[in-house]
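> I am attaching a structure below and will ask some questions about it afterwards.
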Amino acid sequence: MSTTRKKQSFRSYFSVTGWIGLSMTLPVLLIALIGPLVTPQNPDDLLGLPFGAPQPGALFGFDSYGRDSFSRFLAGGRYSLVIAIIGYIVGASLGLTLGLLAAYSRGWVDAALAWTSEVLIGFPALVLMLLLVAGLGTSFWVLVVALASVNVPRILRIVRASGREVRDAAFVEVAEARGEPRRYIMFKEIFPTVLPAFLVDAGVRIPASILLVASLSFLGLGIQSPASDWGLIISENRVALTVQPLAVMGPIVALALLMIGVNLALDGYKGNKSSYRRDIS
Amino acid sequence: MPVKPQNGTGDSGLLVANQLQVQGNDATFTIVEGVDLVIPKGRTLGIVGESGSGKTTVAMGLLGFSREGTRISAGSVSLSGENILSLSPADLRARRGRDISYVPQDPSTGLHPGIRIGVALREMLSVHTSNVENIDARVEQVLRETQLPTDAEFQRRYPFELSGGQQQRVAIALALVCRPSVIIMDEPTTGLDVTTQARLIEVIRDLVEVNGTSLVYVSHDLGVVRSLADDVAVMYGGRIVEQGPVDEVFTNPMHPYTRGLLEAVPRALTKAFKPRAIAGDAVEPWDWPTGCPFAPRCSLHSAECDVSMPAAVWPNQSHMIRCLNFEDALKEKIALEPVERKNDQGTENAPKEIVLTIKNLHASYSSSKLLKGKNLTDAVNDVSFSVEIGSCLAIVGESGSGKSTTLRCIAGLHEPRLGVMEFKGEVLSGRPRQRHGDIRRLVQIVPQNPDSSLNPKMTVGEIIERPLALYSRVPKEARHQRVLELLELVHLRPAMGARYASELSGGEKQRVAIARALAAEPSLLLCDEVVSALDVAVQAGILELLEELRNDLGMTLVFVTHDLGVVRSIASQVVVMKNGQVVETGTTKEIFENPRDTYTQELLGAIPHLRPTDYPGAPE
C-alpha cells in the first residue's frame, strides 16, 4: 500500500457481456431521451395515408392515422422510460432500506414488513397498477407511485432474505459490540453482502418495470393519444402488422434491445474495487 | 525405495499403499506424492499434519477415491493383496463399506439429513449382504457397540435429532455395520467436547481391539493420535516426512517438522511448557518448492535441500524419515522439556487492581417473545468472578456450559437477565449502544469463527480501519498508516491489507480479527475460542501473539476455550463452568495441580496425553 493510489480502469467495471449489454442499452436510452427534440416531422400531424408505405421524408412509413411513424417512434420513448426508471429507483431505494431494516431488526418490525410485502406480492403486478390507475388517474406521478408499489415489496423480500443470512454473522456482531450506529451496520456491513442478489434482481426488475409501463400504455392507461408512446404505438398499429410492420418495428426492437441490454449490463457489473485493492492490481 | 516392513515382524500388511500420487486433473499441481503406507491387520495408523498437508487426500486415496478435479495419477493401493485402483467402478463400490469403510470428518454433513438412522444402517447392510434375516440383530448389535440406544424410537430418529457426539457414533456405526477389515476415519472427534471425545476414543479403541479391525486415523490432534495409534505417519506438503511406531516418533522425533509440531502443542498437564510456533506459512500444493517442502521454514536448511525431495532414510528398522540433515536436528535440544514460565507464578504476588467484576450474572435464551421472563432455564446461572488488570482469565467448559454466553454478555451481545457487570468501577450496560463511547472502545471481542468474523465484501485494510474511523477522528492518511502498523503488530505483511477474507488462511483471518480489535486500543480483550479452529502450529502462533500483546500493551484478556492445553499455556486464572454455573475458580496452578471439583478432575482426566510424562505424577 503506497500513499499514491492508482485509479481503477474504466473497463474493469463491466465484464464482456456487461459491455455488450451496455452497447445495446445506451443507444436506446439516447433515442428515448433526445428523440423528441430531433423528430423530422411533427409526430402529431396527419401527413399521409393510414398505413402508407415508406417514402422519402417518412422512413418508417405512416401509422393508422397517417402520421409519420419514424417521428412518432423518436418522440414516444421518453415518457414511459422516465416513469419506468423513476418508478424503479423509488421502489428500489424504499425496498432496499426496508429490506435491510427488516433483516437487521428482526422482531415485530421484521414481521410487519414481511407480512405487508407478502400481501402486496399477492396481487399480480398489472392488477395492482390497474387498480391504482383506475382510482387515481393516469398522471405521471400516479404511474410512478403505482410502479414503485409493485417494486417495493418484491425488492424488500429479496434484500431481506439475503440480509438475514449475514444478520447473525460474527462480523455483524463485532460491529454491534463496537457500538456502531444502526445505519452503518445496515448499509456498510450488510448491504455489500446483499448487493449481488440486489443486482441480479435489478437485472430482471428494471426490464420488467419498463415492460409494465409499456403494457399499461398498450392497454390505453398511460399517456393518451394523440401523444406518442411506444406501448401506445404498438397498440394502435398492431392490426396492420402484416401490411405495415415498420409502424410497430421501432418500438418493438427498441424495447427488446433495452430489456435484454439492461439485463446483460447488470449481470456483467463487477463494481468498484476498494482503494486498498487498487494498489496491488 | 522399497517399502519397508513397519513393525519389524515382516507382516505384508492388510492395506498397502505404494507410491500413491494424487494430482489435479490437468496435472498442473500435485497434492500428494510418493506415499508408501503399510497397515497390518489389527493395527492402527495415525496420519497427522496441518490442514493442506494432504492427509485427507491420502485417506480418500486409500479408498480409491479422489475429490472432484483431482485424480489418482500414480501408485497402487492394495487391500488383502488386490489392487483396488484397477477394479471396475462397480467392484470398487462393492468393496467400499463392506471391506473398507470411511468415517467423514463432519457428521452433520456426512449423514443424509432426510434418512432415519435405522434405515441408513439397514440399507448399508442390505446393499452389501444377502443374509436378510440377521439385519435387525446386526443393527442392534452395532448400535450397542457404539454405545448408542438400540430401541426402535432411537432408530426412527433423523440425524438432526442427535447430539454431535451421537451423530459421530452413528457415522462410525455405519462404517462398522458390515464388519469391514479396514476403517478409515477422518478427524472423527474434531469439534467434539473433550469428555465426549474421550468417550468416543474409548469406543473406537475397544471396537478395533475386539474385532481385530485395521484403522487409519487422520487427525491434526497429536494427543488423540498418541492415545489411539500404533504407528504414525507425519505429512507435510503432500509427502510423508516421518513415519514409525507412535512411541518412537513422539519420544524421539527426528524430522525438523515433527519436532516443530510437537513443540507447538499446548500441554495441559506438564508443569511448565510454552508452545512454540513454527516460523513461516504452510505450503500450498501449487507452490511446492522443487526440493523438500519444509525447507523454506526449516532451521537446518542447506543448499542440497532445494535440489530434490530427500529420499527416505531408515535410522532404524521401523523409523523412516525424509530429511538430509536429521543428524543435525538430533543435536539441537528440542524444547519438549519444561521451560520456565511466568504464568504460574505471576499471580502469587500482591493483589492487583480489579478491572472487571461479574456479580450473580444470569442469562437466558427465549425462543418466544411471549415466554420472556417465564419458565426459563438459565444458560448462565448465577456466575460471579473478577479479573485483575493485565491478567489472562480463561473460562473453560464443554459446549452448553454457558462459557460463550458469559463472554457475550460482557461484550454486550447478549442482555443478561439479572446481575451486575462492572468495568473499571463503572456499570457495564447489557447493550453496547447504551455504554458510553470510551467503554465501548475499551472492551473489544475477537469472535470464535474466523470464517464469519470478517466481512467477505471488505478488504483487510478496510476492516482494520473501521474502528479507527469510529473511535478516533484522525485523517484518512494517518489511518492508513495506523493500519500498516497494526498489520505489523499481528505479524502480517502490509500487502495483506489488499486481500479479501476469502484469500486468507484460517490463522491469517484470526490475526486480522485480532488487529481489528486492537485498532480500538482496548484494555480488555475478549477472546471466544479464538484458536479452536486452527492447526496446532498456527494456534501456537496466535497464542504467542496474545501473550506478547498482554505483556507489551498491558492488555487484560478473558479467554473462552474448551481446550485445557491452551488454558495452561496462556491463562493465569481459570474459571471452570458446567451447565451454566461456575464449579471452580482459581489460579491456573491450583486448578491444574490440585483440582478440587470432581468435574474439573473429569475434564483434566479426559485430555489425550501427548507424552507419557504428561500424566500427573509421572516421573519427569
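Taken together, the values in this text are just the output of simple stated rules run on the coordinates, not laboratory data. Given the structure is predicted, the values throughout are model-derived calculations rather than measurements. Here the Cβ is made from the backbone with ideal geometry for all residues, glycine too, and neighbour counts use every protein chain on show.
> Need the C-alpha centroid separation for region B:373-439 versus region B:63-136, integer Å.
Answer, in whole Å: 48.
> While we're here: Roughly speaking, what % of Cα-Cα pairs in chain B are separated by over 34 Å, rounded to a whole number? Numbers along the way, then the final one.
Numbers: 91173 of 191890 pairs.
Value for chain B (Cα pairs over 34 Å): 48 percent.
> Summing +1 for each Lys or Arg and -1 for each Asp or Glu, what net charge is found among the other residues whose Cβ lies under 10 Å from the Cβ of B:Lys578?
Numbers: positive: B:Lys403; negative: B:Glu398, B:Glu584, B:Asp597, B:Glu602.
Taking every Cβ under 10 Å from that of B:Lys578, the sum is -3.
> Also, I was wondering about something else. Roughly speaking, what is the centre-to-centre gap between region B:494-538 and region B:197-233 when only Cα atoms are used, to the nearest Å?
Between the Cα centres of region B:494-538 and region B:197-233 lies a distance of 33 Å.
> Once you have a ≥ b ≥ c as the square roots of the Cα gyration tensor eigenvalues for the protein assembly as shown, tell me rounded if a/c is under 1.5, and otherwise prolate or oblate according to whether a/b is larger than b/c.
Working: a/c = 2.10, a/b = 1.68, b/c = 1.25.
Judged from the Cα gyration tensor, the protein assembly as shown comes out prolate (a/c at least 1.5, a/b above b/c).
> Still on this structure, please answer the following. Over chain B, what is the relative contact order in whole percent, taking alpha-carbon pairs under 8 Å and six or more residues apart? Can you show the working numbers first?
Numbers: 1242 pairs, mean separation 91.5, N = 620.
For chain B, the relative contact order is 15 percent.
> Let me have the 222 nm mean residue ellipticity of the protein assembly as shown computed from DSSP H runs of 4+ only, each contributing -39500 (n - 2.57), with the sum over all residues rounded to the nearest 500.
Working: 33 runs with 382 residues, N = 901.
Helix contribution divided over all residues of the protein assembly as shown: -13000 deg cm²/dmol.
> Go through region A:102-107 residue by residue and turn each phi into a ³J(HN,Hα) via Karplus (6.51, -1.76, 1.60, θ = phi - 60°); whole Hz please, and just put x for glycine and proline.
Whole-Hz 3J(HN,Hα) from phi for region A:102-107: 4, 5, 7, 6, 6, x.
> What is the mean number of Cβ atoms from other protein chains located within 10 Å of the Cβ atom of each residue in peptide B:458-467, rounded to a whole number?
Details: counts 7, 6, 2, 6, 5, 3, 1, 1, 7, 4.
Per residue, the number of nearby Cβ atoms from other chains is 4 on average.
> Let me ask another. Using mean Cβ contacts within 10 Å as the protection proxy, how do B:290-300, B:79-89, A:179-189, B:519-529 order, highest first?
On the way: B:290-300: 20.0, B:79-89: 13.9, A:179-189: 17.5, B:519-529: 22.1.
Result, highest mean first: B:519-529, B:290-300, A:179-189, B:79-89.
> Given +1 on the Cβ of Lys and Arg, -1 on the Cβ of Asp and Glu, and no further charges, what dipole in debye does the protein assembly as shown carry about its Cα centre, rounded to the nearest 20? Show your work: numbers first, answer last.
Working: 87 positive and 93 negative charges, 546 e Å.
Magnitude of the dipole: close to 2620 debye.
> Give the Cα extents of region B:1-136 along the principal axes, in whole Å, largest first.
Computed over region B:1-136, the largest-to-smallest principal extents equal 49, 38, 29 Å.
> Using +1 at the Cβ of each Lys and Arg and -1 at the Cβ of each Asp and Glu in region A:79-227, identify which of A:Val90, A:Val150, A:Met186 lies farthest towards the dipole's positive end.
So the residue we want is A:Val90.
> Averaged over its residues, how many other protein chain Cβ atoms are within 10 Å of peptide A:164-176's Cβ atoms? Walk me through the numbers on the way to the answer.
Numbers: counts 0, 0, 4, 0, 1, 8, 14, 12, 3, 9, 16, 5, 7.
Mean shielding count: 6.
> Hey, what angle do you get for helix B:164-176 against the long axis of chain B, alpha-carbon based, 0 to 90 degrees rounded to 10?
With rounding to tens, the tilt is 0 degrees.
> So which GluC sites (Glu not before Pro) in region B:262-332 are both in a DSSP loop and have at most 12 other Cβ atoms within 10 Å of their Cβ?
Details: sites: B:Glu263, B:Glu304, B:Glu327, B:Glu332; in loops: B:Glu332.
Sites meeting the loop and neighbour criteria: B:Glu332.
> Another question about this same structure. Note down the net charge around A:Val194, summing +1 for each Lys or Arg and -1 for each Asp or Glu among other residues with Cβ under 13 Å from its Cβ. Could you put the intermediate results ahead of the total?
Working: positive: A:Arg157, A:Arg160, A:Arg164, A:Arg167, A:Lys188, B:Lys457; negative: A:Glu165, A:Glu189, A:Asp201.
Taking every Cβ under 13 Å from that of A:Val194, the sum is +3.
> Right, something else. What is the Cα centroid distance between region A:117-167 and region B:176-193, reported in whole angstrom?
With region A:117-167 and region B:176-193 each reduced to a Cα centre, they are spaced 54 Å.
> Need one word for region B:447-531: rounded, prolate or oblate. Basis is the Cα gyration tensor (sqrt eigenvalues a ≥ b ≥ c); a/c below 1.5 gives rounded, then a/b vs b/c decides. Could you put the intermediate results ahead of the total?
Numbers: a/c = 1.71, a/b = 1.25, b/c = 1.37.
In terms of gyration-tensor shape, oblate.
> What's the ranking of B:224-232, B:548-556 by average number of surrounding C-beta atoms within 10 Å, highest first?
Final packing ranking: B:224-232, B:548-556.
> What shape does chain A take by its C-alpha gyration tensor, where a ≥ b ≥ c are the square roots of the eigenvalues and a/c under 1.5 counts as rounded, a/b above b/c as prolate, and the rest as oblate? Each step should come with its number before you reach the end.
Working: a/c = 3.36, a/b = 1.71, b/c = 1.97.
Because a/c hits 1.5 or more and a/b fails to exceed b/c, chain A counts as oblate.
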